[in-house]
Structure formats: structure tokens, C-alpha cells
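Colleague: Got a structure for you, written out below as C-alpha cells; questions coming shortly.
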Amino acid sequence: MHRQWLLLAACFWVVFMFMVASKFITLTFKNPDVYGVKQEPLTLTAITKVEKIQVMKAKRFPGEIQTIGRGLSEDIIHQPLVHMERLELLRNVCQDASLKNLTHTTVSKFVLDRIFVCDKHKILFCQTPKVGNTQWKKVLIVLNGAFSSIEEIPENIVHDHEKNGLPRLSSFSDSEIQERLKLYFKFLIVRDPFERLISAFKDKFVRNPRFEPWYRHEIAPGIIRKYRKNRTETRGLQFEDFVRYLGDPNHRWLDIQFGDRIIHWVTYVELCAPCEITYSVIGHHETLEEDAPYILKEAGIDHLVSYPTIPPGITLYNKTKVERYFSGVSKRDIRRLYARFEGDFNLFGYPEPDFLLN
């Protein structure tokens, strides 16, 4: 009997020790993230993943902040800080009394002729030549319904305003103009003012499209007669002649002979009246890859049309090219040119060229 009790006690002890060991093993190897302080690594891991996503977005869209958008399907739209800064700079420079003569203009018919209208989607686009505006006109032509896609638009139609279905703001009554200026989404595109002038010079006097022969055969000779220093020089219009003409405070008498102000080298101020018209977005040619999708989204049309593909490197500011073109121009003539375009440089945040400071 005594042996039976000893055997029973031994069995009980074995079972008890097995239960303790089993409990120890369970506690040791159970998922540690479920208990107490072991939850912290899980929480920290989740936060790290969110931060990684935010960092990736920050790399793609430098300076982005979050704000409530007009469409709440996604609830939140990322609005790049750079666009807010551009508008704030514009407002501040417009208020600078010392620059008023360079930054302010009348919203005349000349300005209204530069602004194209898309009533269907309530958009106004101010054309600034030599800044890739042809592509934006194609976007608006499609939105207005004249063509179903950008690829279908013939090149000779884009600038034919009798056929492209793209009205100018000047074609409306005064009350209709005011209503659209007040309510519509408005944008323009700018680029470094001096690089824009180089583009205009190359396009109109070097390449000289066949359908615009008057630039080479009428305007160029007029500039040469008035502004060429070396009268024995027989070459065609040179860039230094062009700069001398543009920098002359009295250059407009020659423009009148040509018929009107020539939009390809008129200042942004004269073209679009940025201090008189409250623009929604200012795009920069140098950052067009990022700005174009942003403009389409802010205008509420990104689901309807895409901006045409931009060839690699075409929008980059070419400092070497600019310096090369201006290397043969006297400092006096460059300063006079800068004085005319100083408003554009200041309004849109372009720095004074290094070669002018040296």
C-alpha cells in the first residue's frame, strides 16, 4: 500500500513538473508582439513604414504640404509649397512701389488677346510665346471639343484661331470678361527671361519658319539699320543687334513700323498683366515635368487630358548657352536689356545673371 502511494505521488510530481515546463515553454516561445512592452516594436515599425512613405513622397514632390482639395474622392490633395511661394513672391513684388513701372500694366485689348478661354471647364490660359505654349493650346483645343485628341490636331490649325475652336478673352463683352477673370482657373507659364529671348532670336531669325518670312526680310533689316554699330558688316541680324534693339527705351517706334508690339519678345508683364490679374498657378518652363500635371490637377481636368510627352532635357536651363550668346554683347547693352526685363526677373524669382554682376 505504501508503495502504491509512493508511485502515485511520483506520478503526480511528474505531471506537475510537466505542466510547469509546458507553461514555461509556452510563455517563452509565444509571439512576443502580443504582450506588454513587446507591443512597442510593432507600433514603432508601423510608424517607420508611414515615415518611409512620406519620405518617398517628399523626394518626388519637394516641399509638399497637405491641404484640403476641392474634390474629396481622395479627401486630401498634396499642394507643392513651391507654387504657394511663387504666388506669394508675385504679390510682394507687385506691391513694391519702386518696381511699379516695371510690374504693372493696363488690362488692355492687347492683354485680353493673349488669354485663351475654355468655357466648358472654366479655364483661362495666358499665352507667353517661346515657353512651350503650343502644347497648352492643344490641351485647351481638345477640352473645347474641336478635336477628340491632341494627336488629331494638325499643326497648321493650332495657331489658326478661326479654326481651332479656341476663343480669346477679348471676344467677350466687358461683363463676361470680368466674370471669367473673377471665377475661372487662370494660369501662365514663364521661363528665364534671357533664355526666352535667345529662343525667340533663334526661332525667328536663324531658323525662320517659311510661313513667317517677314521676320528675316522686314524686321531684321529694320533692326540692322537702326542698331548695328559696324555699318560695313554685311552679315544677317546678329544677337548683339537684337539685344541693342530690345534694350533701347525708345525701341517701340520701330515696333510700330512693324505693325504692333511683337509678342515673341514682349515682357511677361505686358503680355499677361500678372499684377492686375490674379492667377491661380504660375508654371515654370524649367520645372514643367512637375508643373504640367499639377496644373491639370488643380484645374480639375487631369482625368480628361494629359500634357504631351516632354523630350528629356528640353526644359532644363542652359546656363552655358546663355553665357555664350551674351559673351559678344557689351555690358552696357546687357544692363539696358536687363533694365527692361527687370520686372519679369523679379516677379517670377529669376536671379540676375552672373555675367551681369561680374
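The values are calculated or read from the model by the stated rules, or taken from the named source; none is laboratory data. Keep in mind that this is a model prediction, so the values were computed, not measured. Here the Cβ positions follow ideal geometry from the backbone for every residue, glycine too, while neighbour counts run over all protein chains shown. Remember, those area values only see protein heavy atoms, side chains included, never the ligands or the DNA or RNA. Shrake-Rupley method; radii C 1.70, N 1.55, O 1.52, S 1.80 Å.
Colleague: Just the residues that are of a type outside the set (Phe, Trp, Tyr), open to solvent by less than 20 Å² (accessible area, probe 1.4 Å), assigned to a helix (DSSP H, G or I) and in contact with a helix residue (DSSP H, G or I) (Cβ under 9 Å, 6 or more places away or on another chain), please, taken from region 246-269.
Modeller: LEU246, GLY247, LEU254, VAL269, listed by residue number.
Colleague: Could you say which residue among LEU102, LEU90 is at pLDDT 95 or above and open to solvent by 40 Å² or more (accessible area, probe 1.4 Å)? Spell out how you get there, then give the answer.
Modeller: Numbers: LEU90 fails: open to solvent by 40 Å² or more (accessible area, probe 1.4 Å).
That would be LEU102, the only listed residue that is at pLDDT 95 or above and open to solvent by 40 Å² or more (accessible area, probe 1.4 Å).
Colleague: If I ask for residues that are closer than 18 Å to LYS130 by Cα, touching a residue at least 24 places away in the same chain (Cβ under 8 Å) and among the aliphatic types (A, V, I, L, M), which ones from region 314-336 would you list?
Modeller: LEU316, VAL322
Colleague: Where residues in region 149-163 are open to solvent by 20 Å² or more (accessible area, probe 1.4 Å) and at pLDDT 85 or above, which of them is farthest from ILE295 (Cα to Cα)?
Modeller: So the residue we want is PRO154.
Colleague: Right, next: List the number of the failed condition for VAL243; all other conditions in (1) open to solvent by 10 Å² or more (accessible area, probe 1.4 Å); (2) out of contact with any strand residue (DSSP E or B) (no Cβ under 9 Å at 6 or more places or on another chain); (3) at pLDDT 95 or above hold.
Modeller: (1)
Colleague: Another question about this same structure. Does PRO311 satisfy the condition of being open to solvent by 40 Å² or more (accessible area, probe 1.4 Å), in a helix (DSSP H, G or I) and free of Cβ contacts under 8 Å to residues at least 24 places away in the same chain?
Modeller: Values: open to solvent by 40 Å² or more (accessible area, probe 1.4 Å): yes; in a helix (DSSP H, G or I): no; free of Cβ contacts under 8 Å to residues at least 24 places away in the same chain: yes.
So PRO311 fails the test.
Colleague: To continue, here is another question. When you check THR320 against the structure, is it among the hydroxyl-bearing types (Ser, Thr, Tyr) and surrounded by 15 or more Cβ atoms within 10 Å (Cβ to Cβ), yes or no?
Modeller: Taking the combined requirement at face value, the residue does not satisfy it.
Colleague: List every residue pair whose Cβ atoms lie under 7 Å apart, where the two residues are 6 or more positions apart in sequence or sit on different chains, the first residue falls within region 172-191 and is within 11 Å of ILE277 (Cβ to Cβ) and at pLDDT 95 or above, and the second residue, located anywhere, is of a type in the set (Gly, Ala, Ser) and buried (at least 18 other Cβ atoms within 10 Å of the Cβ).
Modeller: PHE187/GLY283
Colleague: For region 166-216, name all the residues that are open to solvent by 40 Å² or more (accessible area, probe 1.4 Å) and among the small types (Gly, Ala, Ser).
Modeller: Within region 166-216, SER171, SER173, SER175 meet the criteria.
Colleague: Mind counting the residues in region 142-170 that are without any contact (Cβ under 8 Å) to a residue 40 or more places away in the chain, among the small types (Gly, Ala, Ser) and not in a loop (DSSP other than H, G, I, E, B)? I'd like the intermediate steps shown before the answer.
Modeller: Step one: filter region 142-170 for residues without any contact (Cβ under 8 Å) to a residue 40 or more places away in the chain, giving 144-149, 151-165.
Checking the rest, the ones that are also among the small types (Gly, Ala, Ser) come to 145-146, 148-149, 165.
Retained after the next criterion (residues that are not in a loop (DSSP other than H, G, I, E, B)): none.
Residues in region 142-170 being without any contact (Cβ under 8 Å) to a residue 40 or more places away in the chain, among the small types (Gly, Ala, Ser) and not in a loop (DSSP other than H, G, I, E, B): 0 in total.
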